[in-house]
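Everything on this sheet refers to the single structure shown next.
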Amino acid sequence: ADNLFTGLLPLDIFRFDFLEVVNFDKNHLSGNLPIGIGGSTSLKTLHLAANSLSGEIPAGIGNLQSLQDLDISDNAMTGTVPDTLSNLSSLLLLDIHGNSFSGTLPEGLRFFETIQRIALQDNNITGSINFLCEIESKPIISADCGGSIPQVNCSCCDICLI
């Protein structure tokens, strides 16, 4: 992290089966997440926060069955959160705040049994996320659920921002 790397995120890095940690937080990486991102099936930590990444989350991210920490916050990513994110049943942290994601969240996220923190704020996510209240581990949830006209409806959010 914080290495002043620039350019695109290299696709080849996600071809290593034994890779467990990728941390490129606080660099100057740009472009889209590689479509082949799901190739590192042993990956446990993927931190790409505070870069200039854009585009959508590739559906292949759902292949990262061992992933525990996903932090792609504070980028310029767009599109909807893919349904395949629901496949990441080992997640402890899901941090996608500070992007431009839109639409509704996949309701399959309710099956995250061990997740501890979900950060969704500062996006364009809309609708009800009350299904997150059903998660047994009772994660800390932050979302844009504050103000007189909240962007999302969340009765169990710990942090509601405007």
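Observations on the model:
- If you go through segment 10-38 and keep only what is outside any loop (DSSP other than H, G, I, E, B) and open to solvent by 30 Å² or more (accessible area, probe 1.4 Å), you end up with Leu11, Asp12, Ile13, Arg15, Val21, Asn23, His28, Ser30, Asn32, Ile35, Gly36.
- Lone qualifier among Phe101, Phe112 - being at pLDDT 95 or above and aromatic (Phe, Trp, Tyr): Phe101
- Wholly within segment 70-151, strands (runs of 3 or more DSSP E) carrying at least 2 residues that are surrounded by fewer than 17 Cβ atoms within 10 Å (Cβ to Cβ): 76-79, 100-103
- Of the set (1) in contact with a strand residue (DSSP E or B) (Cβ under 7 Å, 6 or more places away or on another chain); (2) in a loop (DSSP other than H, G, I, E, B), all apply to Ala50 but (1).
- Pairs, first under 11 Å from Asn123 (Cα atoms) in segment 135-162, second aliphatic (A, V, I, L, M) and open to solvent by 50 Å² or more (accessible area, probe 1.4 Å), C-beta under 6 Å, six or more apart: Asp144/Leu161
- Enumeration of residues in segment 1-32 that are out of contact with any Lys or Arg (no Cβ under 8 Å at 6 or more places or on another chain) and touching a residue at least 40 places away in the same chain (Cβ under 8 Å): Leu9, Asp25
- So Leu67, is it crowded, with 22+ Cβ neighbours inside 10 Å and not in a loop (DSSP other than H, G, I, E, B): no
- Ala59 satisfies every condition listed in (1) in contact with a strand residue (DSSP E or B) (Cβ under 9 Å, 6 or more places away or on another chain); (2) hydrophobic (A, V, I, L, M, F, W, C); (3) surrounded by fewer than 16 Cβ atoms within 10 Å (Cβ to Cβ) except (1).
- Restricting the first member to segment 47-59 and to residues that are closer than 16 Å to Gly36 by Cα, and the second to residues that are of a type in the set (Val, Ile, Thr) and assigned to a loop (DSSP other than H, G, I, E, B), the beta-carbon pairs closer than 9 Å and six or more apart or on different chains are Leu48/Ile72; Leu53/Ile72; Glu56/Thr80; Ile57/Ile72; Ile57/Thr80; Ile57/Val81; Ile57/Ile96.
- Residue count for segment 152-162 satisfying the condition of being aliphatic (A, V, I, L, M), modelled with pLDDT of 90 or more and either part of a loop (DSSP other than H, G, I, E, B) or open to solvent by 50 Å² or more (accessible area, probe 1.4 Å) (or both): 2.
The values are calculated or read from the model by the stated rules, or taken from the named source; none is laboratory data. Computed from a predicted structure; not experimentally measured. When we count neighbours, we look across all protein chains shown, and the Cβ atoms used for this are built from the backbone with ideal geometry, even at glycine. Ligands, DNA and RNA are stripped out before the accessible areas are found, and what is left, the full protein with its side chains, is counted by its heavy atoms. Shrake-Rupley method; radii C 1.70, N 1.55, O 1.52, S 1.80 Å.
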